[in-house]
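Engineer: Here you go, one structure.
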Amino acid sequence: MSVSFSVLDLAPVVSGSTSGQALRNTLDLARHAERLGFHRYWLAEHHAMPGIASSATAVLIGQVAAVTSAMRVGSG
């Protein structure tokens with residue numbers, strides 16, 4: 001029996017960092033998750049939250065899909 005694993009990423013903005021760095025971290029995490037064999041990469045969509053950089057998931061999905069080749073990418 002095979003079990004598929006997924007990542008749920010909030011793109012957190014770490015204290016003392018920037019939202020740009022949070023988005024770069026998301027791309028790094030996606031690449032790493034794909035190397036580890038994860039099946040799906042989910043981006044959580046939250047608005048008006050200063051510590052979360054994933055409010056524009058439609059844009060971020062394209063960026064994650066551009067740096068990966070085998071994972072399914074979506075938002076929720």
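The values are calculated or read from the model by the stated rules, or taken from the named source; none is laboratory data. Remember, predicted model here, so these are calculated numbers, not experimental data. Glycine also receives a Cβ, built like all others from the backbone with ideal geometry; neighbour counts cover every protein chain displayed. Areas reflect the complete protein model, heavy atoms only, side chains present, ligands, DNA and RNA absent. Shrake-Rupley method; radii C 1.70, N 1.55, O 1.52, S 1.80 Å.
Engineer: I'm checking my understanding of the structure. Among residues of region 1-30 that are of a type outside the set (S, T, N, Q), outside any helix (DSSP H, G or I) and out of contact with any helix residue (DSSP H, G or I) (no Cβ under 8 Å at 6 or more places or on another chain), which one is surrounded by the fewest Cβ atoms within 10 Å (Cβ to Cβ)?
Structural biologist: M1
Engineer: Let me ask something else. Taking only region 31-55 into account, find how many residues are closer than 23 Å to V3 by Cα and open to solvent by less than 50 Å² (accessible area, probe 1.4 Å).
Structural biologist: Residues that pass the stated criteria total 5.
Engineer: Can you name the residue in region 32-53 that is under 11 Å from A11 (Cβ atoms), of a type outside the set (D, E, K, R) and touching a strand residue (DSSP E or B) at 6+ places or on another chain (Cβ under 8 Å) and is also modelled with the highest pLDDT among such residues?
Structural biologist: If we take residues in region 32-53 being under 11 Å from A11 (Cβ atoms), of a type outside the set (D, E, K, R) and touching a strand residue (DSSP E or B) at 6+ places or on another chain (Cβ under 8 Å), then L43 is modelled with the highest pLDDT.
Engineer: State all residues of region 56-66 that are within 13 Å of D28 (Cα to Cα), open to solvent by 40 Å² or more (accessible area, probe 1.4 Å) and within 11 Å of the chain's Cα centre (by Cα); if no residue qualifies, say none.
Structural biologist: Of everything in region 56-66, those that are within 13 Å of D28 (Cα to Cα), open to solvent by 40 Å² or more (accessible area, probe 1.4 Å) and within 11 Å of the chain's Cα centre (by Cα) turn out to be Q63, A65.
Engineer: Need the failing condition index for A56 against (1) over 14 Å from L23 (Cα atoms); (2) modelled with pLDDT under 90, just the number.
Structural biologist: All conditions are met except number (1).
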